[in-house]
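Undergrad: Okay, handing you the structure first.
The values are calculated or read from the model by the stated rules, or taken from the named source; none is laboratory data. Nothing here was measured: the structure is a model prediction, and the numbers come from that model. Virtual Cβ from ideal backbone geometry, glycine too; neighbours counted across all protein chains shown. Accessible surface is based on the protein model in full, side chains and every heavy atom, while ligands, DNA and RNA are left aside. Shrake-Rupley method; radii C 1.70, N 1.55, O 1.52, S 1.80 Å.
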2 protein chains.
Amino acid sequence: MGSVTLREVADAAGVDVSTASRALSADKSSLVSTATRIRVLEAAERLGYRANLQASALRRGRTGVVGVIVADLSNPFIGPVLRGIANALGARGVLPIMTETRDSSDELTQICDKLLSQRVDGIITTAGRYRDRALLRRVADEVPTVLAVRELPGSGIPVISHDDRAGGGLAARHLISQGHSDLAQLIGPGDVWSFEARAKGFREAADAAGAPCLDVQASVRLPTVEAGRQLAEALLDRPGPKPTGVFAHNDSIAIGAISALRERGLECPADISVVGYNDVPLTDQLRPPLTTIRLPGYELGRLAAELVSSRIDGTGTEATTERVVLEPELIVRDSTSPPKSI
Amino acid sequence: MGSVTLREVADAAGVDVSTASRALSADKSSLVSTATRIRVLEAAERLGYRANLQASALRRGRTGVVGVIVADLSNPFIGPVLRGIANALGARGVLPIMTETRDSSDELTQICDKLLSQRVDGIITTAGRYRDRALLRRVADEVPTVLAVRELPGSGIPVISHDDRAGGGLAARHLISQGHSDLAQLIGPGDVWSFEARAKGFREAADAAGAPCLDVQASVRLPTVEAGRQLAEALLDRPGPKPTGVFAHNDSIAIGAISALRERGLECPADISVVGYNDVPLTDQLRPPLTTIRLPGYELGRLAAELVSSRIDGTGTEATTERVVLEPELIVRDSTSPPKSI
DNA sequence: TTGTATGCGTTATCAT
DNA sequence: ATGATAACGCATACAA
């Protein structure tokens, strides 16, 4: 492609490349006389000049690109997060490279390698599992890195998250306040901060209220509708009294569970109440509309992008921005109600 | 960041940079003796060498990055498309830069500029509106470009789409076969291929069956749940007989419409049947589960990525790959049923 | 205010 | 099979 170089612009304007470079640079254009500046600008315009950011990056050591790594692009809760990231980065003229690991550590390894080879200025990831801590730590040593949504305790990597533990507590207290005394939780895939923290928060609040709490653990990797189905069936297949209040670790699991329960003759919320997590789009239109915990995805994305930007600029006051934790919010809809027997 | 350069690896291995370059290059490593190759490889490993793709790109004229431009990251139908793109590109070692226009032409202009400055090897976009034809045509002249999902007739840009017109026909014939004789369609934002084609297909099939068809046009830019609400209310506020079979141009509109209808005392499907479009995740879990037309998002994304890759490689037999059109599929669920009066 | 010269890290061409 | 060298397009330290 005969793309126009700075050299050609300079020649057309009758100046040296260095002068042309200065004239076109936003902050250094003051070092150039107004007359020559407009001459260069006109020449650039006329020739259709477009700066080669690759070359510029090579010279300046900055690419204007940050890598974004998510676990699952088809998880609807990720949409708002990506938006928040894209918007905040866009405002600074930075472009995001988006990648997906499907929660596979091998994938993550390869992706990190690729991003580092691309010399991205920074990395934002929501895909870290505990087992990836060392890997991500190494990445963070090479390039400004920010965790979003999922924390990685002990990694020392700055993180923008929200309080999953408090979210679990909200779910438990809501069910208890509705009169449920037999609780259960459908736990998301292991090795992930979000689910462990939610489980812990839920259990603590249940214990505090003296309510028995059954844990049903997932053996699957991704927290999907199908996983919710399996978890609900595992719950029903257990011997003993059936809980009436169930906390699903995300909305997909909740949806799958409600569907599976219905197939076994249990209606939600008449027979069993279900609380979800994330408040993904459309949860208010489900059958029934889902009571859930809102995860502030857009905000998380936006803040993560701003944090990584400030790290890149070196303006991050290291100590003060290590960890930002937003608050979850209980959204009450129709999937929870007082238990029948009361 | 003291990142290791090829130079240092060469020095450590006691060879020239050019030899080191050959040794590390996949296809040219045969030009190097096995002995020195392993010496170089070891040195690289030991020093933690990582090729600088920026520099490599500058020299070779290829970045290994393609730009992806979508209209709306929060539209759930885009998830599968992005996945298809990311997976197909990933298999070829190419990374996607993802951007969002919110269906604004200004945004699109800026984004194209940015991507071209980044010297992406190719561009895939689902965000083209008719008014953007000239802009995208110019882009396509600079870099291999592929349209996905939305066509841009007369632009001459290769496109991977599916048959929206046939999809509209499927919707109409389904409603008619259920016994509906009074039809209406809630039309998506103007200036966009998908919606115009769906409208046309629906109208044609209605006409062919002699069924009157009311068109309700959106005045909004994005086809959201809220837009669906407004469209449904506009429909009800019209004088004259109310249609019993409604085609919403996407699932979000359908959901908003059903919700608005319910607020006005009309139940779906008892009082009014609604067909959506896209078959986005969770439509089967809605109240009621949505009858809809499936748009093969993953396939579209995958094919678009493969097409742009072959264009980049220059292996695209120009004439044969201009336009690929997949087939839509009717998914019958519970939001449609025969009208009451029958 | 402008020009000169150099280097960012690679790869390709040409020798050897 | 390997080395020397130039060039990709740009930005900056330095000189004028």
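Undergrad: Can you list the helices (runs of 4 or more DSSP H) lying wholly within the stretch A:64-175 that have 3 or more residues being closer than 30 Å to B:Leu282 by Cα and within 14 Å of another protein chain (Cβ to nearest Cβ)? Working first, answer last.
TA: Details: elements: A:78-91, A:105-117, A:133-142.
Where helices (runs of 4 or more DSSP H) fall fully within the stretch A:64-175 and carry at least 3 residues being closer than 30 Å to B:Leu282 by Cα and within 14 Å of another protein chain (Cβ to nearest Cβ), they are A:78-91, A:105-117.
Undergrad: Within the stretch A:307-322, take every residue that is at pLDDT 60 or above and in a loop (DSSP other than H, G, I, E, B) and give me the one that is farthest from A:Ala140 (Cα to Cα).
TA: Initially, the stretch A:307-322 is screened for residues at pLDDT 60 or above, giving A:307-315, A:321-322.
Restricting the remaining residues to those that are in a loop (DSSP other than H, G, I, E, B) gives A:314-315, A:321-322.
Values: A:Gly314: 14, A:Thr315: 17, A:Thr321: 15, A:Glu322: 13 Å.
In this case the residue turns out to be A:Thr315.
Undergrad: Give me a count of the residues in the stretch B:6-25 that are near DNA strand C (Cβ under 6 Å from one of its atoms) and open to solvent by 60 Å² or more (accessible area, probe 1.4 Å).
TA: Count: 1.
Undergrad: So is A:Ala227 assigned to a helix (DSSP H, G or I) and over 15 Å from A:Glu263 (Cβ atoms) or not?
TA: Working: assigned to a helix (DSSP H, G or I): yes; over 15 Å from A:Glu263 (Cβ atoms): yes.
It is true that A:Ala227 is assigned to a helix (DSSP H, G or I) and over 15 Å from A:Glu263 (Cβ atoms).
Undergrad: For A:Ala91, are the conditions met, namely being free of Cβ contacts under 8 Å to residues at least 12 places away in the same chain, surrounded by fewer than 18 Cβ atoms within 10 Å (Cβ to Cβ) and within 16 Å of DNA strand C (Cβ to nearest atom)?
TA: Working: free of Cβ contacts under 8 Å to residues at least 12 places away in the same chain: yes; surrounded by fewer than 18 Cβ atoms within 10 Å (Cβ to Cβ): yes; within 16 Å of DNA strand C (Cβ to nearest atom): no.
Spelling it out, it is not the case that A:Ala91 is free of Cβ contacts under 8 Å to residues at least 12 places away in the same chain, surrounded by fewer than 18 Cβ atoms within 10 Å (Cβ to Cβ) and within 16 Å of DNA strand C (Cβ to nearest atom).
Undergrad: Let me ask something additional. Listed residues B:Ile258, B:Ile272, B:Ile253; which is under 19 Å from the mean Cα position of the chain (by Cα) and outside the structural domain of B:Ile85 (by TED's automatic domain parsing)?
TA: Values: B:Ile258 fails: under 19 Å from the mean Cα position of the chain (by Cα); B:Ile272 fails: under 19 Å from the mean Cα position of the chain (by Cα).
Of the residues listed, the single one that is under 19 Å from the mean Cα position of the chain (by Cα) and outside the structural domain of B:Ile85 (by TED's automatic domain parsing) is B:Ile253.
Undergrad: Taking only pairs six or more apart or across chains, which ones have beta-carbon atoms under 7 Å, a first residue in the stretch B:42-63 that is more than 9 Å from chain A (Cβ to nearest Cβ), and a second residue that is charged (D, E, K, R)?
TA: Close Cβ pairs satisfying both conditions: B:Leu47/B:Glu8; B:Arg62/B:Asp121.
Undergrad: Kindly indicate which of A:Arg46, A:Arg37 is outside the structural domain of A:Arg119 (by TED's automatic domain parsing), more than 15 Å from DNA strand C (Cβ to nearest atom) and open to solvent by 50 Å² or more (accessible area, probe 1.4 Å). Break it down stepwise before answering.
TA: Numbers: A:Arg37 fails: more than 15 Å from DNA strand C (Cβ to nearest atom).
After ruling out the rest, the residue left standing is A:Arg46.
Each row is one residue, and each column tells you yes or no for (1) buried (at least 24 other Cβ atoms within 10 Å of the Cβ); (2) away from every other protein chain (no Cβ under 14 Å); (3) at pLDDT below 95; (4) within 18 Å of B:Leu175 (Cα to Cα).
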position: B:Phe195; (1), (2), (3), (4): yes, yes, no, no
position: B:Arg229; (1), (2), (3), (4): no, no, no, no
position: B:Leu236; (1), (2), (3), (4): no, yes, no, no
position: B:Gly245; (1), (2), (3), (4): yes, yes, no, yes
position: B:Ile272; (1), (2), (3), (4): yes, yes, no, yes
position: B:Thr291; (1), (2), (3), (4): yes, yes, no, yes
position: B:Arg302; (1), (2), (3), (4): no, no, no, no
position: B:Ala305; (1), (2), (3), (4): yes, no, no, no
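Undergrad: Spot the failing condition for A:Lys28; the list is (1) modelled with pLDDT of 95 or more; (2) farther than 30 Å from B:Leu95 by Cβ; (3) within 12 Å of DNA strand C (Cβ to nearest atom); (4) not aliphatic (A, V, I, L, M), and only one is missed.
TA: (1)
Undergrad: Might you check whether a residue that is within 8 Å of DNA strand C (Cβ to nearest atom) and of a type outside the set (Val, Ile, Thr) occurs anywhere in the stretch A:73-80? Working first, answer last.
TA: If we filter the stretch A:73-80 for residues that are within 8 Å of DNA strand C (Cβ to nearest atom), which is where we start, we get none.
Within the stretch A:73-80 (the criterion being within 8 Å of DNA strand C (Cβ to nearest atom) and of a type outside the set (Val, Ile, Thr)), the answer is no, since none of the residues qualifies.
So that you can scan it fast, the table gives a plain yes or no per residue for (1) within 11 Å of DNA strand D (Cβ to nearest atom); (2) farther than 17 Å from B:Ser117 by Cβ; (3) in a loop (DSSP other than H, G, I, E, B):
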{"position": "A:Val9", "(1), (2), (3)": "yes, no, no"}
{"position": "A:Ala12", "(1), (2), (3)": "no, yes, no"}
{"position": "A:Ser21", "(1), (2), (3)": "yes, no, no"}
{"position": "A:Ala26", "(1), (2), (3)": "yes, no, yes"}
{"position": "A:Ser30", "(1), (2), (3)": "no, yes, no"}
{"position": "A:Ala35", "(1), (2), (3)": "no, yes, no"}
{"position": "A:Val40", "(1), (2), (3)": "no, yes, no"}
{"position": "A:Arg50", "(1), (2), (3)": "yes, no, yes"}
{"position": "A:Ala55", "(1), (2), (3)": "yes, no, no"}
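Undergrad: Something else: If you check A:Gly179 against the conditions, is it touching a His at 6+ places or on another chain (Cβ under 6 Å) and at pLDDT 95 or above? Spell out the reasoning first.
TA: Working: touching a His at 6+ places or on another chain (Cβ under 6 Å): no; at pLDDT 95 or above: yes.
No: the conditions fail for A:Gly179.
Undergrad: Considering only residues that are part of a loop (DSSP other than H, G, I, E, B) and either within 12 Å of another protein chain (Cβ to nearest Cβ) or within 15 Å of A:Leu183 (Cβ to Cβ) (or both), which ones fall in the stretch A:248-267? Explain how you work it out, then say what you get.
TA: Filtering the stretch A:248-267 for residues part of a loop (DSSP other than H, G, I, E, B) gives A:249-250, A:264-267.
Answer for the stretch A:248-267, where residues must be part of a loop (DSSP other than H, G, I, E, B) and either within 12 Å of another protein chain (Cβ to nearest Cβ) or within 15 Å of A:Leu183 (Cβ to Cβ) (or both): just A:His249.
Quick grid of which residues meet (1) under 18 Å from the mean Cα position of the chain (by Cα); (2) of a type in the set (S, T, N, Q); (3) open to solvent by 10 Å² or more (accessible area, probe 1.4 Å):
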residue	(1), (2), (3)
B:Gly128	yes, no, no
B:Leu135	no, no, yes
B:Arg138	no, no, yes
B:Arg150	yes, no, yes
B:Pro153	yes, no, yes
B:Arg173	no, no, yes
B:Ile176	no, no, yes
